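Below: the structure, in structure tokens.
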Amino acid sequence: MPFGLTFLAGTFAIAGAIGASIPLILHLLNRERARRLIFSTVRFIQMSHQTNVRRHKLKRLLLLLMRILMLALLGLAFARPFFADAPEFTQKTGGKRNAVIILDTSYSMQYEGVFENAKKEAGKILDGLDAADAACLILSSDNARVVAPLGSEFAHVRTALNNAETSNEHTDYLDAMQTADEVLQPIPIGEKQVYLVGDMQKRGWENFIETDKLSPDVQIHFVDVRAEKPQNFAITDISVPPVILKEQKASQLVARVHNFGAEPVEDLQVRLFIDGNVIDSVALDIEPDDLADAVFKVEFQDEATHTGWVELPEDTIGVDNKRYFTLQSLRSIKVHAVRERLRTSGRYQTVETFFMKKALVSGRDAVQIDFTESISVPNASTLASVDVLILADVAELSSGEAERVKAYVAAGGGLILTVGNNIDAEVYKQRLGGETGLMPCDFVQAVGDALDREQFRVLATVKYEHPIFAPFKEPNHGDFGKARFYRIFQAVPTKDATVIASYDDGSPAVFEKPYGNLGRVLCFTSTIDREWNDLPIRAVYLPFLHESIKYLALKDVDAAPNYRVGDSVELKVPEDEDGNAARSGEIAVFNPNNVETRLQLKKLPEKSPLVTGNLKSVFYDDTTIPGIYSVHTSGTTPYYFVVNVDTTESDLAARDVEELTSMLKGAADESVAEKPPTELIAQYEKDVEKSQNVWVYLMLAVFALTVTEMFLANRV
């Protein structure tokens, strides 16, 4: 880039040039002309005189030059000279470069040597800037972070660059580009340049839209540091049921492994770890840019929460070689039913739960179910060990029983409500209903005649996409339309409730409603026995009951969160029996490196809307490390959650630089900005002159010449 000498006050330079001519003019006007005199033989005197005259003339000429130079330098000093870009460039851009350096820190940059090379290239860009230029450093991964604001303190930018490290997050170049554009927009003077230093990974550009283009006056430069023919494999997905029952066959855990390289992988060892121990190993052969599944059989004999991961051998990027999970093992599903006392039907005494009990016990070969029953709601400690609670045509509940049921469901329990001749609709509405109640419906009235077997309804609408009914979707897997319902309870859904099955007259048959912390309520608007319908003698009765029980007991199968690095995690905080933990205590979270973070819980009023049942939530944001996190609260059992990397980042394929340039700039590309206002250029020139201070050195030179001139003048 051409440079030239420019003056802040050019008239003083002219005045200095004029002043420098004055000593010369005076010298010429006052010059003495020598007269020729002829003496007699004075040859030796003449020779001595000529030597002195020549010496005297030399000193006078030297003094003359010094005086001329003093006046010229004095004029230059007052003109405030400085070195800047060539005038043509200054008129277009103000003569200043504003460079925003974007450094990619996503985990694909962990590929061998790539990130260190990127830091060196960013350092070269910084070295190429001049003292009058400004620089900014942005670290880019999932989010862009301005770590060194735009300015001329290059030492700060260099320090931030040297301290930069890769993250475990994926790439989003567009966020960094928009951030850089916003940084440059307010700048009135100078070139606006963006330097992207990274591997140009395709994943970072996939959400591009037209509005992501840079401003017309912003130049974009790409510094591509990608590795040639990169090889990488990763575990991109894992399928594991969070809850595993002790059944006749072992459950399957499936890990999907992707080979993102251009070379095949043979005999790749995939290992399964549970609770820190190697359980099994599978060898895979994977073609280039292809995937394969490693299938492991998993079974437990205990009831506990287990943590584990699937692991690949080390390769060029290690962070995507592990994928973590948690699961719960159960020996059986514990179901407790609350019923009315024995009732007399003809010569026989029957109970509401007779057919239900037979169906649950006879199906133990498929799902192990421990069934108990009582004529009243158990105490809180007993309910805590129950997976599913059934209220089978219970006439009414005391206020204490109702509170225990609500607390149980709010804590994550599953509840099934069935109706019959004993139901008191008003009691259910008062004790379990209302805006914050757990009732999925309000009972209206019972319709139909249980004794008239000629008049009946059938199930006509079933939501087969619901987990309960999904197994019956295929032909010959059960027909709900064959069951006859002679009497039902008409009801209307309450807030947040869903109808998942209906009769042929449109009346709801099955309601569902979420409540509290993963709690769910199902309400069946007919009896669970044969008193109002013949469903118990139909083939779908047993599997329908089993699927309903499994859906409520194993709800975590669908609700297990898949946290990724950088996500905010909502932690559920249970109260103890006195309500202390959730109202005034704190929780401790240990990350995979066993570093503790304590989160303080604010004390809430007893009826605060933030308290649902007996739970509160608090958010944990420090999920920068993939792995297993544990959550601890006073008086409760620790629980776990896992954080994994986003494996879309494991695909190292890159975009072409020329294509990216065209994409970001398009038809609006302009190499430089329009001519800035005169006052802005003047301000720029003042800033450059101030940073150089050439006039100080000129004045020092004038002072030195003055002292020397005085010394020589006294010796002439």
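Structure notes:
- Loop-located GluC sites (Glu not before Pro) in region 159-222 (DSSP state other than H, G, I, E, B) with a sparse environment of at most 14 neighbouring Cβ atoms within 10 Å: 165, 206.
- Of the GluC sites (Glu not before Pro) found in region 459-557, those that fall in a DSSP loop while having at most 14 other beta-carbon atoms within 10 Å are 465.
- The modelled label-to-label distance for the pair residue 382/residue 659, using points 7 Å beyond Cα in the direction of Cβ, is 6.8 nm.
- Among the trypsin sites (Lys or Arg not before Pro) in region 214-268, those placed in a DSSP loop whose Cβ has at most 14 other Cβ atoms within 10 Å are 249.
- Measuring r between the beta carbons of residue 370 and residue 124 and using R0 = 60 Å, the FRET efficiency lands at 0.30.
- Residue ranking by accessible heavy-atom surface, 1.4 Å probe, largest first, among 213, 513 comes out as 213, 513.
- Percent of Cα-Cα distances greater than 17 Å, calculated over region 429-567: 64
- Reciprocal of mean inverse Cα separation for region 223-307 (Kirkwood radius, Å): 14.8
- Carbon/sulfur fraction of accessible area - region 419-523, other protein chains in place, 1.4 Å, %: 45
- Violating pairs (Cα-Cα greater than 31 angstrom) within the set 357/429; 473/572; 229/665; 229/322; 358/406; 96/202: 473/572; 96/202
- Here the spin labels are modelled as points 7 Å beyond Cα on the Cα-Cβ line, and at residue 567 and residue 395 they lie 4.9 nm apart.
- FRET efficiency for residue 700 and residue 159, using Cβ-Cβ distance with R0 set to 25 Å, rounded to 0.05: 0.15
- For region 154-293, the alpha carbon positions stretch 75, 35, 35 Å along the principal axes, listed from largest to smallest.
The values are calculated or read from the model by the stated rules, or taken from the named source; none is laboratory data. Worth saying up front: this structure is predicted, and the values here are computed from it rather than measured. Neighbour counts are summed over all protein chains in view; Cβ atoms, including those assigned to glycine, are modelled from backbone coordinates with ideal geometry. Note: areas computed on protein heavy atoms with side chains; ligands, DNA, RNA excluded. Shrake-Rupley method; radii C 1.70, N 1.55, O 1.52, S 1.80 Å.
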